[in-house]
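The values are calculated or read from the model by the stated rules, or taken from the named source; none is laboratory data. Just so it is clear, the structure is predicted and the values come from calculations on it, not from any experiment. Counting neighbours? That spans all protein chains shown, and the Cβs are built from the backbone with ideal geometry, glycine included. Surface accessibility is based on the protein's heavy atoms, side chains included, excluding ligands, DNA and RNA. Shrake-Rupley method; radii C 1.70, N 1.55, O 1.52, S 1.80 Å.
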Amino acid sequence: MISKVSIFKISNICAVVGAIALFAMAPPSKAQSPVGVAAVVNDDPISIIDLVERIKLVAVSSNIRMTPEKSNEIAPQILQQLINETLQLQEAERRGIEVTEADITRGKTLIEQNAGLPDGTLDAFLEQRGIAPGTIENQIRPQVAWQRLLGSMRSQVEISEAEIDENLQRIINNQGKPRNRVQEIFLPVDNPQDSTRVYQTAQEVLGALQQGADFSALARQFSASASAANGGDLGWLYAGELAGDLQQAVNQLEPGNVSAPIQTIRGYYIIKLLDRRVGDAGAITDVRLDLYQLFVPLSQSMPKEQIDAKVAVLRNTQETANSCQALANVAVDLGSEMSGEMKGISPNELSGPVAQAITNLQPGQPSNIVQVDGGALLVMICNKTEESNLPDRKDIENRLMMERLDILARRKLRELRRQAFIDIRM
């Protein structure tokens with residue numbers, strides 16, 4: 001098949017902008033009347049209404065203030081995205097892949113969770129903002145179908161034990177370096193002649209981010225990476241897990257900052273650094289404590305002699321106890337029902353005074369007396385475990401698999417575009 005792609009003209013874009021203004025003011029039911037075709041992909045049309053509604057959806061989900069100028073900037077990219085989605089859905093249908101209403105519902109639920117919306121309110125939320133019914137379903141359906149198609153391609157990818165060993169060793173070698181929590185937006189360059197256009201799109205996305213647009217929402221709308229479904233969130237990464245140019249850009253960012261477009265052989269990346277953890281203790285180990293708490297109740301209504309006696313018991317225990325069992329024996333003598341052992345506690349879960357009291361304590365060493373609501377207590381570390389939270393071999397294999405599937409997906413989409421008849425009519 002021959003692919004026919006024309007260049008956007010300013011006059012045609014302005015017509016789209018006018019349509020956006022018109023349909024933004026009209027009730028959703030009126031926005032269903034056909035007003036023309038933006039493109040034809042094989043035998044399937046993409047209407048101007050489809051384009052208008054998707055631009056409105058991008059504006060709402062990304063917190064972009066949609067001006068006519070901004071519409072001009074993003075319309076070509078949005079239309080290309082609609083063309084890609086049409087090709088993806090056509091290929092999935094050709095292979096007998098179905099998307100059910102339950103799949104759509106799960107997709108909506110995920111969007112609601114990411115946006116902090118109550119369950120089942122997404123449709124009403126969008127309708128109140130002038131988004132026509134069905135617009136969000138039209139975005140979810142090809143995403144689900146394409147992910148299932150990619151799942152069927154897993155058998156084409158082999159990850160060797162040597163590759164896993166190499167990745168794991170690189171992570172181990174970088175244990176003393178910071179870990180970074182990173183988000184990405186990836187815009188692929190499938191043909192060298194498209195590089196300038198894709199770079200312009202990356203600059204437009206960056207401009208929207210600088211004006212307050214939501215990174216996660218833009219990643220879901222524009223990014224061609226598998227992480228797009230998670231708002232571009234790559235999670236916590238060790239030094240060396242990203243390619244050199246991307247790692248260098250991350251190293252220069254402060255938490256909350258966004259990079260300029262980064263050119264690679266695959267396309268352009270925009271990176272956001274969400275957080276950074278420095279140092280081995282916080283970066284590579286998960287500390288768990290078994291604690292014993294010896295608690296004595298105190299109140300202002302108690303006679304002073306009684307309070308002094310209880311505090312004296314704590315002081316004597318602090319000086320003599322050398323095990324959690326010794327604290328437990330005192331608790332039995334006192335009849336202290338609020339004393340007891342706590343297992344598998346993270347230091348981050350403890351209240352400030354207790355966390356401070358156990359700092360630098362060795363197992364079997366009682367803490368200083370800690371004043372808390374309703375009384376006072378001693379705390380002792382019975383056992384301390386430190387487990388590496390390095391990714392295991394399965395985690396590394398899954399990440400490598402997703403990278404390979406990303407490459408296969410882009411290769412497949414390029415193939416579909418080459419074989420398709422694409423007629424852009426604007």
Check: Summing Lys, Arg as +1 and Asp, Glu as -1, what charge do residues with Cβ under 11 Å from the Cβ of Tyr238 carry, Tyr238 excluded?
Finding: +3
Next item on the list: Along Cα→Cβ, 7 Å out, is where each label goes; now give me the distance between the ones at Asp333 and Ala115 in nm to one decimal.
Entry: 6.4 nm
Checklist line | Centroid-to-centroid separation of the range 54-105 and the range 313-388 [C-alpha atoms, Å] | finding: 57 Å
Next item on the list: Take every Cα-Cα distance within the range 190-261, group them into 10 Å bins from 0 onward, and report for each bin the whole-number percent of pairs it holds.
Entry: 17, 46, 35, 2
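Give me the orientation-averaged projected area of the Cα convex hull of the range 67-127, in nm², one decimal.
For the range 67-127, averaging the hull's shadow over all directions gives 5.8 nm².
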Next item on the list: Report the normalised scattering of the chain as log10 I(q)/I(0) at q = 0.06, 0.08, 0.11, 0.13 Å⁻¹, calculated by the Debye formula with identical scatterers on the alpha carbons.
Entry: -0.40, -0.62, -0.90, -1.12
Notebook entry, point to check: the range 388-426: which trypsin sites (Lys or Arg not before Pro) are DSSP loop and have at most 15 other beta-carbon atoms within 10 angstrom?
Noted result: Arg425
Next item on the list: Count charges around Ala92 for me, please; just the other residues with Cβ under 10 Å from its Cβ, Lys/Arg as +1, Asp/Glu as -1.
Entry: +1
Checklist line | Residue-count net charge about Ile104 - beta-carbon cut-off 14 Å; Lys, Arg +1, Asp, Glu -1 | finding: -2
Check: If you average 1/r over every pair of different alpha-carbon atoms in the range 81-170 and take one over that average, what Kirkwood value in Å do you get?
Finding: 15.5 Å
Notebook entry, point to check: What accessible area, in Å² to the nearest ten, does a 1.4 Å probe give for Thr317?
Noted result: 10 Å²
Margin query: Using DSSP to call loops (not H, G, I, E or B), can you name the GluC sites (Glu not before Pro) in the range 148-182 whose Cβ has at most 10 other Cβ atoms within 10 angstrom?
Written below: Glu158
Notebook entry, point to check: At a Förster radius of 35 Å, what calculated FRET efficiency corresponds to the Cβ-Cβ distance of Arg411 and Lys177, to the nearest 0.05?
Noted result: 0.55
Check: Loop-only check: which GluC sites (Glu not before Pro) in the range 280-351 are DSSP coil with at most 14 other Cβ within 10 angstrom?
Finding: Glu337
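Where in the chain are the DSSP H helices whose alpha-carbon span along the long axis reaches 20 Å or more and whose Kyte-Doolittle mean is at least -1.0?
Span-like helices in the chain: 10-25, 48-62, 68-94, 101-115, 135-151, 195-210, 304-320.
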Next item on the list: Pop a pseudo-label 7 angstrom from the Cα along the beta-carbon direction at both Met302 and Ser155 and give the gap in nm to one decimal.
Entry: 7.2 nm
Checklist line | Relative contact order %, the chain, counting alpha carbon pairs below 8 Å whose residues are six or more apart | finding: 22 percent
Notebook entry, point to check: What are the ³J(HN,Hα) values, in whole Hz, obtained from phi via the Karplus relation 6.51 cos²θ - 1.76 cosθ + 1.60 with θ = phi - 60°, for each residue of the range 261-276 in sequence order, with x given for Gly and Pro?
Noted result: x, 10, 7, 10, 5, 9, x, 10, 10, 10, 10, 10, 8, 7, 7, 9
Note to self: Please report the equivalent ellipsoid semi-axes of the range 293-372, computed as sqrt(5 x eigenvalue) of the Cα gyration tensor, largest first, in whole Å.
What the structure shows: 22, 15, 12
Note to self: What number do you get for the range 119-270 when its Cα radius of gyration is normalised by 2.2 N^0.38 Å, N = residues?
What the structure shows: 1.22
Margin query: Using a 7 Å offset from Cα along Cα-Cβ at Arg393, what residues in the range 154-195 end up with backbone N under 17 Å from the label point?
Written below: 158-172
